[in-house]
1. Given the options PRO285, PRO186, PRO95, which has the most mean-square fluctuation in a GNM of the chain, springs set between C-alpha atoms less than 10 angstrom apart?
2. Provide the percentage of antiparallel DSSP beta bridges, counting only those with both residues in the range 175-317; round to the nearest 5.
3. Rg to Rh ratio, the range 238-348, alpha-carbon atoms and Kirkwood radius?
4. Please pull out the direction-averaged projected area of the range 161-319, using the convex hull of its alpha-carbon atoms, in nm² to one decimal place.
5. Which order do the peptides 143-153, 220-230 take when ranked by the mean count of other beta-carbon atoms within 10 Å per residue, highest first?
6. Once you keep just the Cα pairs under 8 angstrom separated by 6 or more residues, what percentage relative contact order results for the chain?
7. Per DSSP H run of n ≥ 4, the term is -39500 (n - 2.57); total these for the chain, divide by its residue number, and report the mean residue ellipticity at 222 nm rounded to 500 deg cm²/dmol.
8. Calculate the all-directions average of the projected area of the chain's alpha-carbon convex hull, and give it in nm².
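The values are calculated or read from the model by the stated rules, or taken from the named source; none is laboratory data. Computed from a predicted structure; not experimentally measured. Counting neighbours? That spans all protein chains shown, and the Cβs are built from the backbone with ideal geometry, glycine included. Calculation scope for accessible area: heavy atoms of the full protein, side chains included, ligands and nucleic acids excluded. Shrake-Rupley method; radii C 1.70, N 1.55, O 1.52, S 1.80 Å.
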Amino acid sequence: MQNTSLKPRVVTLGTAGGPRWWTGENAGRRSGIATAVVVGDAVYLVDAGTGVGNQLMKAGFSSGDLRGIFLTHLHSDHTIDLASLAIFGLFTLKPGQAPIRIIGPGDRGALPPASPRAAAPPQPLYPENPTPGTAGMFDHLMRAYATDLNDRVIDALRPSPLDHYVASDIQIPEGTGYHPNENPTPGGFAPFEIYRDEQVTVTATLVEHPPIAPAFAFRFDTVEGSVTISGDTAPCDNLVALARGTDLLLHEAIDFDWVETMYGSVGTEEAQASMDHHRRSHTSPAQAIELAERAGARTLALHHLVPGTTPLSVWLSHADGFSGTFLVPEDLDTISFARLPLEMAATR
Ligand SMILES: [Zn+2]
Ligand SMILES: [Zn+2]
């Protein structure tokens, strides 16, 4: 009999999506996307959106509790506070703590094709290295702070982030047919293991979030339950396969009515390109419910809400459609994913 002391749960550190600070009514109510997966004393972070460090503290955790930081994809709304987490986090490490793993997509390997709406060929930034992966990104970030870090390491004898974080790129299995532009989500893709310790096994699949690739969804399995986190994706069969029978599915959601209002009447090619992107790359609440039903997820919680200021009532208006438990958590909510006993309600 396994003990039941792990209390597997997520804490929704930040529930807004999008590479911006949402303004207007409800501004600041939701921090950038970041989710703590808590299993016993261990905390695994999925994504590092704006405000993640503060939110981690408010939730009662610190970098001293972190075992890994998992990045679903390298859009800035998922990574923008990675440097602050790593550098400010040096002050709250625990003595003898194992290096914190940073695990995310590798180098894209090719630029995306230019939008057919472009009037002239857009020019890439940094053409010599235009698509760094997770390890490359972390290296660049630490180099950017070298003046500060060297002051502290040399004068104040502070620890080096290079000794306390280990960044690595997820290796996509060979022979799947994956290609960042031509086949970002191969059909029948088998979820594969990216991390394991004595408490969790983390598996990943490729999801549909063009033009970025690879984009991953992650599933954390423990002896007491599982949680699947969609990352950013349009409705995707690979996600359904990963989430099969999961206790909790955290799925992204976008308010397409807002997309229409925001971009539909502008009439410029840029606005049309933005609208195209949202339609190809994100999921409506109704679609998320359909996916959760297909996967047999017991609880569905919407997060990565775009826009981050949409009133709760808009998201909740879809609640009737799901046969399991449907949640739209606020920041800093705790949601159990323990399989037994059935704990279905979100609690503050
Ligand atoms: Zn996002
Ligand atoms: Zn994204």
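1. PRO95
2. Restricted to the range 175-317, the bridges split so that about 60 percent are antiparallel.
3. 1.03
4. It is 12.0 nm².
5. Answer by packing, highest mean first, reads 220-230, 143-153.
6. Across the chain, relative contact order equals 19 percent.
7. -6000 deg cm²/dmol
8. About 18.8 nm², averaged over all directions.
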